[in-house]
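Input: a single structure, listed below in structure tokens.
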Amino acid sequence: MVVEKIAVIALYTTIAMFVGILFMGVGRKIVARVHNRVGPPVYQGFIDIAKLLTKKTNISHGWIYDLALLFSMTGIMLTILFLPIGGVKLLSMEGDAFLVLYLLAIPALGFALGAGASGNPNAAIGVMRALVMMLSYELPFVITLIALMIYYDTSSIAQIVEMQHAKWAIMIPPFVLAAAVADMALQGMLMEAPFDISTAPHEIASGPMAEFGGKHLGALMIYKAGTIVAYTTLFVDLFLGGGVVMHDGSVLAYLANFAVWFILIFLVFTLSLLINTSFPRFRIEQAFKFYWKYEALLAFISLIWVYLMVIS
Amino acid sequence: MLELIFAVLLIAAFATLFIKSGRIAAIISLIASAMPLIAVVDWANDFGIKAFSFGVENSMDFPIAGITMHLSITSFAWFFAVMVFSLLPPIFLFSYSFFEKNNGFFPFMLFLITAVFGILLASDFLTFFFFWELMAASSFILVCISRDKKAIMSYLAFSVLSAVLILVGIALLYSQSGTLLFSDIVLNADKVTVSAIILMVAGFAVKSALMPLHAWAPFVYSKADEPFVAFLSGGLSKVGYYGMFFVLFALPGAKILHQYFNSGVATYLLAVIGAISAFIGTLLAFMEDDLRKLLAYSSIAQLGYIAVGFGIGSSLAMAGALFQAFNHAFFKSVLFLVAGAVAYRTGKWKISELGGVGYKMPFTFMAALFAIFALAAIPITSGFAAKWLLYEAAVSNKYIFITPIMLIAGVGAFLYSFRILYGVFLGENRHDDIKEAPLPMIAGMFLLVLPLIIFLIFPGYMLDMMHSALVDAGIGTISHTNYVIRTGMASYNTLAVVIGMMVVMIPAFLIYVLRKQKKVDFKDNFLAGEPYEFYGYISMHAANNFYKPIEDVIMPYLRKGAISFYTALYNAMGRVSDASRKIYTGLSQDYTIYIIIFFFIIVGWLIW
Amino acid sequence: MGLFDGDIMKYEDWNKISRIASRKSLWMVHFCTGCGAIELPPVMTSRYDMERFGMGSMATPRQADVLLITGYLTVKTLKRVVNVYEQMQSPKYVISFGSCPINGGMYWDSYNTVKRLDRYLPVDVYVGGCMPRPEGVMNAFLELMKLIDEGKARGWEKYQKYYEQYKRNQKMAFNFEREKDEGA
Amino acid sequence: MKALELIGKGEEMHGRAYIKSDKEEASSIIKKLKENGFDHFVMLSCVDWIDNNEFELVYHLWSYEHKEHVMVSIILPRDNPSMSSMHELFPQIETYEREIHEMYGVDFEGNNRLTPFMLEGWHDMPPMRKDFDSKKFAEDVFDSIPEIKEEEDEGI
């Protein structure tokens, strides 16, 4: 039984990473089509990573700089382990939403350490912006998370997915508002255009990644692919029922759930890309004010609305 | 057994008073500080099963001047003792090479230890207050060594305030329950009024730097010697929480408050104060430039979490609070020792002046890294389990105001933890000439980091340790095995996280190993093509006012702040004492006139 | 021990895979010196769209494979260009735009402009024209891809092999040394 | 022309005021002009009259108020010319002085940043002077740099 569980976990994690890398190519294709361009082939993500990993010379600024490579990839895969993917509970019975929230911090902090160790002032400014962005989008996202937890009276994502079998969370009135807020927070998490402040290529030479090249950049590209899958799956699990359509344990159910999950995260990712193509880049204090003033207010309204519903 | 420990501590304290060289004094105090730790370990097996009672057999009566002091160990005092006394040997090991000559640090630290030992053992309020005053006095002298007027004044003012609050509380308790013995007070707890409890809690809150009463912390933490500050922020603040734990739970203060207000509003208020101090402490922390002030504000923030746990009061919250207290004791003392080691080598405390210290002091950097991961509650250290319990407690009780603030304070912790790591250790290599910290310092730091890792994998041991404490204090416990904590809402399996991480690290490790890499010197950095020498004279260390964008957004709201209130108070006190100087001119003629006038008033009053 | 350095897989087929990967995803950093930088936006935008070949513009030389020199180089900028080139990670290629890097172009008699770029940096592909049109630039990219495929784009190995000669030339250029007679 | 009335001398050339002055008087003229509306310092240029062996420094000022362009010109001897720096009046003059110092060899006392500006590593005579033969210099320096000799074996 255990071996079968491990096999399923390993299979789903690798599939999730492949889907992530695929989405990078698909993402560039969608953005290109919006720009009325042809855009790269869909499998461009795989080629980029293959090229980076087969670079002949690689530079390193010390063991802390390499730590970034290890931490970022490990952290993001660990997060995917604790997220139910397509209805399959990988390890998500063992941990809950708070754990996922803090697991997402490991790659961010490891990445920040590596950028700091590279000694480039651009990298430090980029990391400052990334951490401020994290502080700002975390407030509304956390408020919506608490609203969900209070409503479903559980903090484990797997149970939230189970409770959404009959009715997706987004269909309940207060959670429509919460989902909108969480989607804007998702925009910040994925570092898409209005909020790609920390890796701004024009202002600070692509921020924290200024000194990353060759295999380090390849690992960070895999991390970026992982974040695409992790954050969109988190959103889908919390609000769109985690893509669970059929509940009997048959192979068909696995496939159906997987397909629905794939379509849902694709839709969420495309939505964030469309926002990406239609907005210029904010300044960091504008983004901070945007999240802490307007988003937090909306999130708090939905939280109170849910609280009133629950105690009545 | 207790007399032996007290004797050894006091003899060592008096001995080190006269020893000039720091080294010998450090060795003596190291041995002396190990004594209470041995006693604590010896009592360990008692508290697996022993029921709670205030007179366990290894108690002792301690007659001084006709008043008998009752000393006995209880289960929760034992837990706090483990936490506080296991800090000391590593701190003294650290200060072995930190102090060349004995500037009074060692004797008064030993007095402080005897005082803390006495507080934890006290079983009646008289001994409790006696040792509380001894602790306040010895820690005050240790602050005086720093010779910084503002730190001394603020510490004096606040420790006097807390002593007065506690004394009045004790007096009220005595008047209502007629006795000072803890066990008797617990028996007739119904006669205890609410005001005594509120006063006592406020008195203890001063010691653990909760928001309105925290003004002394930034000044004292940033001026006193690092080893003392490590014990002050790691250990002494926990003594404040011991007092609060005793008053609210052992002496069922919380129940009395509930009956009086017939709702949980009072303890909820304590939780709100804790959450606000966590939030504002974090905001103030990441805008600080002085490393020790930053650590001071972060200490206030982390202590706020414990107050939230005390405020909520459920078994989940209390387990989280005690676990957080344990973690905070260790990672905060490591951080202050790291600040001491860095200052020992570079002589600087400002983050903007430090930079690139980590390249030359790798072990200190590793210790700081572990402590920061514990502070930021990242799941690879035991810090996460504590905060997770607190979040679970807050959400299960549906506190919708406290939980978001606590979570944001948790995320805010990442900001100043990166500020410490980047500002001090990484970035531009500006300290090429320094050497690694001496061996005893590194040993001290790593000894303190060890428990953070042990309790990562097995939080269950920690929960067993506090099991008897929670049960005896009338709070239930939570179901847990060695590595899985199960609460009503969800479960947290540390082993799954650790093994998952090991397995998932393989692909990353493969990529790292399979491609050779060339170490590149710091100068070979991309600066738009300009060679580093060209920029030689401009600092490339981007750590100066690092979070300026948010500072401009947040600062207007924080402008008022508690400290400006206290500085106004401080100036007012200065003016009052100035005015009084006019009366006490010190000239004998004036005094004779006063006597005559006074005499006439008395006579007039008698006749009239 | 390095899996990709021919220990496990034969050097040639591994080299082939890395060549295909690097051909299909050329990331470029362009050093906008002279007047050629303005030729790149049309190449990137919808009419010519170099991204369909997997090419993208990167902010730092660490992340890039192709260095575009887009115009004349004064001696002072050459010093920075060499610095950027050395920070790139091999396999790396150089494409130079316009006639100035070829033979000094209209600055042929200028005291400050570098005349032949390939004496200081190994250039893989030249693009003629006093600023080539986007078609010329696209043709250059395709030419470079063909060279990479055939394994002929070895500029970076040539730089490593004849490092001393390149450094000597650069030093002479940086100090305006004359071999024949010192000073007018 | 407003400038001519202000200073009292000089004549009008191609629609611009052209005032001749000498080294000592120049800064006072420019200060006077600056206070009366000519607050936009356009540029500082240097003309090399090689046949009558002198340099001509021309300070160009513009006034948005009067919509007038004024040129204050100073004659300097050609061998080791020197002039007092005026960067207190307009900060950007410092950069123009650096350039003219490097290209013509005019020394500006008081300007402490006369370091190499465009020509790093230059140890020849200032190149913009008319007696400098740029073509010959280019051939000597750049053509003398040898080709990269590759051994004729199989290459790499």
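The values are calculated or read from the model by the stated rules, or taken from the named source; none is laboratory data. All of these numbers come straight from a predicted model, not from anything done at the bench. Counting neighbours? That spans all protein chains shown, and the Cβs are built from the backbone with ideal geometry, glycine included.
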When the stretch A:282-294 is checked residue by residue, the ones that are surrounded by fewer than 21 Cβ atoms within 10 Å (Cβ to Cβ) and either away from chain B (no Cβ under 14 Å) or not in a loop (DSSP other than H, G, I, E, B) (or both) are A:Glu285, A:Gln286, A:Lys289, A:Phe290, A:Trp292, A:Lys293, A:Tyr294
key: Any hit, the stretch B:390-407, residues being closer than 18 Å to B:Phe458 by Cβ, within 14 Å of chain A (Cβ to nearest Cβ) and in a helix (DSSP H, G or I)   = no
Among the residues of the stretch B:362-399, the number that are touching a Lys or Arg at 6+ places or on another chain (Cβ under 8 Å) and either of a type in the set (D, E, K, R) or outside the structural domain of B:Ser479 (by TED's automatic domain parsing) (or both) is 0
| task | May I ask you to verify whether A:Ile160 is buried (at least 24 other Cβ atoms within 10 Å of the Cβ), more than 7 Å from every other protein chain (Cβ to nearest Cβ) and over 30 Å from B:Lys548 (Cβ atoms)? | result | yes
Selection from the stretch C:142-170 of residues part of a helix (DSSP H, G or I), among the charged types (D, E, K, R) and at the interface with another protein chain (Cβ under 9 Å from one of its Cβ atoms) yields C:Glu157, C:Lys158, C:Lys161, C:Arg168
Taking the stretch C:24-43 and keeping residues under 14 Å from the mean Cα position of the chain (by Cα) and part of a loop (DSSP other than H, G, I, E, B) leaves C:Leu26, C:Cys32, C:Thr33
Note on A:Phe212: of the conditions (1) closer than 30 Å to C:Glu86 by Cα; (2) more than 22 Å from the chain's Cα centre (by Cα), unmet is (2)
C:Pro132 vs (1) within 14 Å of chain B (Cβ to nearest Cβ); (2) modelled with pLDDT of 85 or more; (3) assigned to a loop (DSSP other than H, G, I, E, B): all pass except (1)
Scanning the stretch B:306-324 residue by residue, the ones that are among the small types (Gly, Ala, Ser) and under 15 Å from B:Leu210 (Cβ atoms) total 4
Taking the stretch C:112-153 and the residues there that are in contact with a helix residue (DSSP H, G or I) (Cβ under 7 Å, 6 or more places away or on another chain) and free of Cβ contacts under 8 Å to residues at least 24 places away in the same chain, the one that is surrounded by the most Cβ atoms within 10 Å (Cβ to Cβ) would be C:Lys115
Filtering the stretch A:265-288 for residues that are without any contact (Cβ under 8 Å) to a residue 12 or more places away in the chain, out of contact with any helix residue (DSSP H, G or I) (no Cβ under 6 Å at 6 or more places or on another chain) and over 23 Å from A:Arg33 (Cα atoms) leaves a count of 1
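Kindly evaluate A:Tyr65 against the criterion of being more than 17 Å from A:Gly20 (Cβ to Cβ), more than 7 Å from chain B (Cβ to nearest Cβ) and part of a helix (DSSP H, G or I).
It is true that A:Tyr65 is more than 17 Å from A:Gly20 (Cβ to Cβ), more than 7 Å from chain B (Cβ to nearest Cβ) and part of a helix (DSSP H, G or I).
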Only one of A:Ala185, A:Ala259, A:Ala179, A:Ala193 is within 14 Å of another protein chain (Cβ to nearest Cβ) and either under 18 Å from the mean Cα position of the chain (by Cα) or over 27 Å from A:Leu99 (Cβ atoms) (or both), namely A:Ala185
Residue pairs within 9 Å by beta carbon, gap of at least six or interchain, first lying in the stretch C:53-70 and more than 8 Å from every other protein chain (Cβ to nearest Cβ), second part of a helix (DSSP H, G or I) and among the hydroxyl-bearing types (Ser, Thr, Tyr), listed first then second, are C:Leu67/C:Tyr85
Matching residues in the stretch A:39-62 (surrounded by fewer than 21 Cβ atoms within 10 Å (Cβ to Cβ), over 20 Å from A:Gly20 (Cα atoms) and in contact with a Ser or Thr (Cβ under 8 Å, 6 or more places away or on another chain)) number 2
Next on the checklist: Can you find a residue that is over 22 Å from the mean Cα position of the chain (by Cα), of a type in the set (Lys, Arg) and on the phi < 0 side of the Ramachandran plot anywhere in the stretch A:291-312?
Outcome noted: yes
Residues in the stretch B:525-542 that are more than 7 Å from every other protein chain (Cβ to nearest Cβ), surrounded by 14 or more Cβ atoms within 10 Å (Cβ to Cβ) and either of a type in the set (Asp, Glu) or not in a helix (DSSP H, G or I) (or both) total 3
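Residue-by-condition table, conditions (1) in contact with a Pro (Cβ under 6 Å, 6 or more places away or on another chain); (2) not in a helix (DSSP H, G or I):
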{"site": "A:Gly218", "(1), (2)": "no, no"}
{"site": "A:His247", "(1), (2)": "no, yes"}
{"site": "A:Leu267", "(1), (2)": "no, no"}
{"site": "A:Leu273", "(1), (2)": "no, no"}
{"site": "A:Ala296", "(1), (2)": "yes, no"}
{"site": "A:Leu303", "(1), (2)": "no, no"}
Of those in the stretch D:35-55 that are out of contact with any helix residue (DSSP H, G or I) (no Cβ under 6 Å at 6 or more places or on another chain) and in a loop (DSSP other than H, G, I, E, B), the residue surrounded by the most Cβ atoms within 10 Å (Cβ to Cβ) is D:Phe38
Within the stretch A:3-57, restricting to residues that are facing another protein chain (nearest Cβ under 7 Å) and of a type in the set (A, V, I, L, M), the one that is farthest from B:Val504 (Cα to Cα) is A:Val38
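Yes/no matrix, rows are residues, columns are (1) touching a helix residue (DSSP H, G or I) at 6+ places or on another chain (Cβ under 9 Å); (2) assigned to a helix (DSSP H, G or I):
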residue	(1), (2)
B:Thr477	yes, no
B:Gly488	yes, no
B:Tyr492	yes, no
B:Ile499	no, yes
B:Met505	yes, yes
B:Tyr512	yes, yes
B:Lys516	yes, no
Considering the stretch A:101-110, residues that are surrounded by fewer than 24 Cβ atoms within 10 Å (Cβ to Cβ) and more than 8 Å from chain B (Cβ to nearest Cβ), and then whichever is nearest to B:Val497 (Cα to Cα), we arrive at A:Leu104
The helices (runs of 4 or more DSSP H) lying wholly within the stretch B:187-243 that contain at least 2 residues that are under 16 Å from the mean Cα position of the chain (by Cα) and of a type in the set (Phe, Trp, Tyr) are B:216-223, B:226-231
Of the candidates B:Phe246, B:Phe331, the one satisfying the condition of being over 19 Å from B:Val229 (Cα atoms) and assigned to a helix (DSSP H, G or I) is B:Phe246
In the stretch B:484-516, residues that are within 14 Å of chain C (Cβ to nearest Cβ) and surrounded by 18 or more Cβ atoms within 10 Å (Cβ to Cβ) total 3
Selection over the stretch D:1-34 where residues are touching a helix residue (DSSP H, G or I) at 6+ places or on another chain (Cβ under 9 Å) and either under 20 Å from D:His87 (Cβ atoms) or among the acidic types (Asp, Glu) (or both) yields a count of 6
